[in-house]
Amino acid sequence: AHTCWVMYGIVYTRPCPAAAAAGAAGGCVWPYLARRPKLQLSVYTTTRSSIGAESNIDLVLNVEDFDIESKFERTVNVSVPKKTRNNGTLYAYIFLHHAGILPWHDGKQVHIVSPLTTYMVPKPEEINLLTGESATQQIEAEKQTNALDEPVSHWRSRLTLNVMVEDFVFDGSSLPADVHRYMKMVQLGKTVHYLPILFIDQLSNRVKDLMVINRSTTELPLTVSYDKISLGKLRFWIHMQDAVYSLQQFGFSEKDADEVKGIFVDTNLYFLALTFFVAAFHLLFDFLAFKNDISFWKKKRSMIGMSTKAVLWRCFSTVVIFLFLLDEQTSLLVLIPAGIGAVIELWKVKKALKMTIKWQGLRPKFQFGTYNDSEKKTEEYDAQAMKYLSYLLYPLCIGGAGYSLLNVKYKSWYSWLINSFVNGVYAFGFLFMLPQLFVNYKMKSVAHLPWKAFTYKAFNTFIDDIFAFIITMPTSHRLACFRDDVVFLVYLYQRWLYPVDKSRVNEYGECYEEKTKKKAHRE
């Protein structure tokens, strides 16, 4: 409710109350566009961050008889100065002024400045690891950029402009702070008018549209697009841009901020609202799943009915997926939960193997506990299931790794190794979930599983299906979200097939029916 109230305050602006009652009353700020002036749009480029005259600037786009209601998109070629090619900055000056008058001679012009370049570490070129194809181009690229880990100038190939077209009368005593910084006031007679509000949509500047500026480049394309915007959307967009800027100030990289931009730009507004609502539940279920999973394994003293190999595989796959997402420079929205999950899985392996670590000086010594007869029986079922799976799994993984080495380009041997592991995890990983299903089948019981944690994880799995279409992530990781749905449905079927016997002593030594009888006897 609080979030809805804040959002309402952003998109709704209170009009001047005296405007309707007294006409051109004092205290109101009137729109200059209501006079329907003839306007012209001019876009200039320069290497200077501020200009005072028409010298040292280049006109790249001139739209005469500019219609603020008409949407357009034009692509122009921009000359790249030598200073910009040497990691300098090139600025775009966008003027909205009266038709037939130069911008610097028009007292009622409005303008806005936007850099057309940004600094970012270039993506390493991928090569064929066996043939070395494209290695020459990579060496030349390294010479031009000196080092691949140093940021270089990139060209922003899109410039998206908006003009607020509503004839809205503001209350001069309570101007919204977000819009106020984009407003320019003029006194016309006894009334105050605000000139057209010109806005640059920075959220449309995506990393995928950036182009590396080479020293040999003399011209680059620039797509200038224009569309009108309402006051409510303008205020919302200003707040979103400020939020993205704040993320960068807190240490988020350009790519991380770009993932957040994509959520707002590439997603339908109603679908975006649904996403925010669902994300709140995702955070809650994440916390409850981690909490119940840790609580379950912390109290667990026996591995009866639990597949040790499934625990080991889950740990291995989680760590590999984390390293893969790290290598792919995936969004922190995906990377951080994967890292937390990997740490928890490592701790669960320590519990499953009954491992204790004793330090002898700086050298650790690992000791493993022993299994009782019931646990050994579970291990026999586990080993039997893995034996059957190995006949199918290992040839597929080795064949897939060999095929990718011959036909796919990678940044390094490490990248190929991680990609081969993760492709095996994603494509055939669900097979490693089958030993636990096999153990359940042999024991005709599912009472030994952490069902509370499973339930919360299941809710998050279905929520992840929604996020798979919104947040940028590798395709294989997206498909894995839907794979988990199938496995959980099989677990649910086994839950129905093998109901929990309340009279059976579980792995904690508890018997629910005995507790009830004792309580009735005491009373």
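Numbers at a glance
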quantity: Test for V319: is it surrounded by 18 or more Cβ atoms within 10 Å (Cβ to Cβ), among the β-branched types (V, I, T), within 30 Å of K208 (Cα to Cα) and at pLDDT 75 or above; calculated: yes
quantity: Long-range neighbours under 9 Å by Cβ, at least six apart or interchain, first residue without any contact (Cβ under 8 Å) to a residue 60 or more places away in the chain and farther than 12 Å from Q109 by Cα within the stretch 29-40, second open to solvent by less than 50 Å² (accessible area, probe 1.4 Å) and β-branched (V, I, T); calculated: none
quantity: Flag if L203 is open to solvent by less than 20 Å² (accessible area, probe 1.4 Å) and in contact with a Phe, Trp or Tyr (Cβ under 7 Å, 6 or more places away or on another chain); calculated: yes
quantity: The lone exception for Q202 - which of (1) of a type in the set (S, T, N, Q); (2) at pLDDT 90 or above; (3) in contact with a Ser or Thr (Cβ under 8 Å, 6 or more places away or on another chain) it fails; calculated: (2)
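Here is a yes/no grid of residues against (1) of a type in the set (G, A, S); (2) open to solvent by less than 50 Å² (accessible area, probe 1.4 Å); (3) more than 25 Å from A289 (Cα to Cα):
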residue	(1), (2), (3)
L346	no, no, no
T356	no, no, yes
L362	no, no, yes
S374	yes, no, yes
K377	no, no, yes
K387	no, no, yes
L396	no, no, yes
S415	yes, yes, yes
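The values are calculated or read from the model by the stated rules, or taken from the named source; none is laboratory data. Quick caveat: nothing in here was measured; it's all calculated off a predicted structure. So basically every Cβ, Gly included, is an ideal-geometry build from the backbone, and we count neighbours across all protein chains shown. Keep in mind that these areas ignore ligands, DNA and RNA; they rest on the heavy atoms of the full protein, side chains included. Shrake-Rupley method; radii C 1.70, N 1.55, O 1.52, S 1.80 Å.
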